[in-house]
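Remarks on the structure that follows.
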Amino acid sequence: MRQEIVLGIGGVRTLSALGIEPEVFHMNEGHSAFLALERIRRRVVDKKLDFYSALQIVAAANVFTTHTPVPAGNDSFPRDMMRKYFGDFAKEIGLPFDELFSFGQTRVDRSDPFSMTILALRMSRHSNGVSKLHGDVSRSLWRDVWNGVPSHEVPIASVTNGIHTKTWMAPEFSALYRKYLGEWEEHITESDFWRRIMDIPDAQLWEAHQKLKHRLVEFVRERVRLRRQRIGDSPEAIRNVNRILDPEVLTIGFARRFATYKRGALLFSDKERLKRLLNDTTRPVQFIFAGKAHPRDEGGRALIQQVYKFSHEAGFENRVVFLEDYDSYIARRLVQGVDLWLNTPLRPMEASGTSGMKCCPNGGINLSVLDGWWLEAFNGNNGWAIAPEINDGTVEFQSEVDSNSLYQLLENQIIPLYYSKPDGKLPLAWLQLMRESIRSVTPVFNTHRMVKEYNERLYIPAARSHENFSQNGCEPATDLSRWKSQMRKVWPQVRIYDVQVGNKDRQNILVGESLQVSAHVNLGDVDPSHVRVEAYHGEADNGGIKNPAATVLNPSGRNGDGSYVYQGSVPASETGAYGFSVRVVPTHPNMMQAHELRLITWS
C-alpha cells in the first residue's frame, strides 16, 4: 500500500514539483489509482470545490486500463489499513471515511475490502481492456460496479495491445522490407502496403529467416556453455554443447512470464508422445523455453523448475532447452529466430499477450490458444489455433483437450508442412504461412496503431471534458454534481407499471413488421427531461434476453399524478420468440457514460 501511495499520490506531486500539470492521467492497472484521490484533494484545497464537484472534473480526465483478470493483478486492502493511511485524508477532502472507503467497493456487499481496480473504475470516465475478448471479460468481471446494468453495457471499452515493431524486428528483415517494399516504417499501419510482401522472392525470405535461426542456435549454445562452465560441469558436458539444437530442425519457442495460467508445462502432458516427436529420424522438432516468475509466485517458480527438469530427462536432452536469466535481449534472439511461437494460456486469462506479435515481423508463425490478441489476429491462414474453449468443463478437462489438440496439430499439420519441400530446397507452403503472418499481423498489432487509438478514443475526449468542466470556475462540474445528488434522492420514486407489448387483436406478427410497446412510468419528482425510457428487447433465452438492443420510447401522454405514458415500436427483424423489458435511466448533457450515475429502474 505504501508503494501505491508513493506511485499515485507521490507521482502527482512529483509532476507538480517539476512544473508539469497534465490535464489527463492514464492509470495502467489499479496500482496508481490513488492519484485520482490526490487530484481531487488538490481541487478541494486549492479551488475550494466540494468533493463531488472535484470528482466530476477528475473522473472526466482520467483514463484507466485494466490489464489482467488474474486476482493477483487487482490489489485490495482491508478497512483498518485504509483507515490508518486515509483517515486524515478523508477529513481533508471533507468526506466521511466510510463514504471514501465505499469508492473501492461494488456497494453490493459492504463487507468487501477496498479494491484499487474498483477505485480506478469509479474515478475514471474512460476505461478499457487490452483486447476485444478482455474487454468482454472485464465487463462481466466488474459488472457489479454498475449494479443492475447489463454486462454488455458496462462502460469498459477495449484497445488491443501492440508492439514497437522496430524494437523487435531483426535488422535483416528490416533491410529485406526496405529492398522489396520501401520505407516500411512510414507505412507501418497500412494493410495495403504489407500486401506487397508477395513481392519478396521465396529464396530471399527463407535465407533471411535461416540466417537468424542459425544465429539463435549459436546464441543458445553459447549461453548453455557459459552456464556449464560456471557450475563446474565436466569437459565432456561442455564439449557436448555443440549437439544442442539443430538449425535445420523445426524450432518452436515459448518465452514469457511464468504465471500458472500460462501453462508452461502443458507441452509435457504426454511425455512419451512428445519424445516421439522430438526424436523422429526424418522430421524432428525442438523447443526453446525461457522466462521468469514473480518472486512470490510459488506456482510459477515451480513450473519453471518442472520444465527445466524435463529438459534434462533422457529423450529430451538437446531437443528441449531452458534459457536462464530471461530478459529483452534473449527475447529478441528468440522471436527473431524461431519458426513457430507457442502460447498455451488457460482461456480467457490471457488479457492480450504480446510475445507472439513480436515473431510475425520476423516471419514467425503462431500456434496459440484463441485467447487475448490471437482471437482477433487468427484468420485460418496465418497460423494455428489450439482447441476451442469448453464452457462447462473443469480446468483439468480443458487442459487435457488443449494438450491433445496441440499434439494433433503438431503431428498432422505443422511438422508435415514444415518439412514438405516440393523442390527439395524450400518449404513453399510454410513460406506462404510466413507471408500471411507478416501481412496480417504487422500493420495491426503495433504501438503506432495502439497509441493512435488511445489518443483518438480516450485521451482527446478526456482532455475536452476536462476543459468543459473547468470553465467558469468549474461551474459545469458543480452543476452536474448538484444534479446527481438530487437525482439520487428522488430516484426511488421512479416506478414502471402496466407494460403492454403486442399489436391489437393479434398474438403473432410477421417478420418485417413492428411490435408496439407502451408503458406507464411514475417519475415522482424527477423531471421527465432528465430520463430516457427504453424498451429492452431481444431473443428470448431461458428467461433472459440474448443479443439485446434498446429502443427509446417517447412520451405520449401525462396522467396528472406524476405518471406518464411512453410508447414506441420495435422492429421484428428475425423469426422466433422475443423477450422484453422496459427501463428508465437518468440522462444529462454533461454525463459522459450512459450509466455514470449507476441508477436504473426496470419493469
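The values are calculated or read from the model by the stated rules, or taken from the named source; none is laboratory data. Bear in mind the structure is a predicted one, so any value in this text is a computation, not a measurement. Glycine also receives a Cβ, built like all others from the backbone with ideal geometry; neighbour counts cover every protein chain displayed. Side chains included, ligands, DNA and RNA excluded: accessible areas come from the protein's heavy atoms. Shrake-Rupley method; radii C 1.70, N 1.55, O 1.52, S 1.80 Å.
Worth a mention:
- Any pair with Cβ under 6 angstrom, 6 or more apart, that starts in the stretch 449-468 at a residue that is closer than 8 Å to Ala61 by Cα and ends at one that is among the acidic types (Asp, Glu): Ala463/Glu23; His466/Glu23
- Thr575 meets the stated requirement of being surrounded by fewer than 11 Cβ atoms within 10 Å (Cβ to Cβ) and hydroxyl-bearing (Ser, Thr, Tyr).
Residue-wise test of (1) under 30 Å from Ala377 (Cβ atoms); (2) of a type in the set (A, V, I, L, M, F, W, C); (3) not in a loop (DSSP other than H, G, I, E, B).
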{"residue": "Arg283", "(1), (2), (3)": "yes, no, no"}
{"residue": "Ala293", "(1), (2), (3)": "yes, yes, no"}
{"residue": "Gly299", "(1), (2), (3)": "yes, no, yes"}
{"residue": "Phe316", "(1), (2), (3)": "no, yes, no"}
{"residue": "Gln336", "(1), (2), (3)": "yes, no, yes"}
{"residue": "Trp341", "(1), (2), (3)": "yes, yes, yes"}
{"residue": "Pro345", "(1), (2), (3)": "yes, no, no"}
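- Residues that are open to solvent by 50 Å² or more (accessible area, probe 1.4 Å) and under 34 Å from the mean Cα position of the chain (by Cα), drawn from the stretch 43-63: Tyr52
- When each of Ala120, Ala170 is tested for being open to solvent by less than 10 Å² (accessible area, probe 1.4 Å) and closer than 20 Å to Ala60 by Cα, the lone residue that passes is Ala120.
- Residue pairs meeting the criteria (Cβ under 7 Å; at least 6 apart or on separate chains; first open to solvent by 40 Å² or more (accessible area, probe 1.4 Å), in the stretch 392-408; second in a helix (DSSP H, G or I)): none
- Qualifying residue in the stretch 340-354 (condition: β-branched (Val, Ile, Thr), buried (at least 21 other Cβ atoms within 10 Å of the Cβ) and within 23 Å of Thr260 (Cα to Cα)): yes
- Just one of the listed residues (Gly557, Gly524, Gly538) is part of a loop (DSSP other than H, G, I, E, B) and either surrounded by 12 or more Cβ atoms within 10 Å (Cβ to Cβ) or not hydrophobic (A, V, I, L, M, F, W, C) (or both), namely Gly524.
- Residue that is nearest to Val444 (Cα to Cα), among those in the stretch 189-200 that are open to solvent by 10 Å² or more (accessible area, probe 1.4 Å) and in contact (Cβ under 8 Å) with a residue 12 or more places away in the chain: Thr189
- Arg139 vs. criteria under 19 Å from Arg439 (Cβ atoms) and open to solvent by 20 Å² or more (accessible area, probe 1.4 Å): no
- Filter result for Leu7 (out of contact with any Lys or Arg (no Cβ under 9 Å at 6 or more places or on another chain), open to solvent by 10 Å² or more (accessible area, probe 1.4 Å) and either small (Gly, Ala, Ser) or part of a helix (DSSP H, G or I) (or both)): yes
- Among the residues of the stretch 189-215, the ones that are over 18 Å from Gln336 (Cβ atoms) and not charged (D, E, K, R) come to 7 in all.
- Residues in the stretch 327-385 that are free of Cβ contacts under 8 Å to residues at least 24 places away in the same chain, touching a strand residue (DSSP E or B) at 6+ places or on another chain (Cβ under 8 Å) and of a type in the set (Phe, Trp, Tyr): Phe378 only.
- Residue selected from the stretch 223-250 under the condition part of a loop (DSSP other than H, G, I, E, B) and not β-branched (Val, Ile, Thr), by the criterion surrounded by the most Cβ atoms within 10 Å (Cβ to Cβ): Leu245
- Residue within the stretch 89-107 that is closer than 15 Å to Met27 by Cα, among the acidic types (Asp, Glu) and open to solvent by 10 Å² or more (accessible area, probe 1.4 Å) present: no
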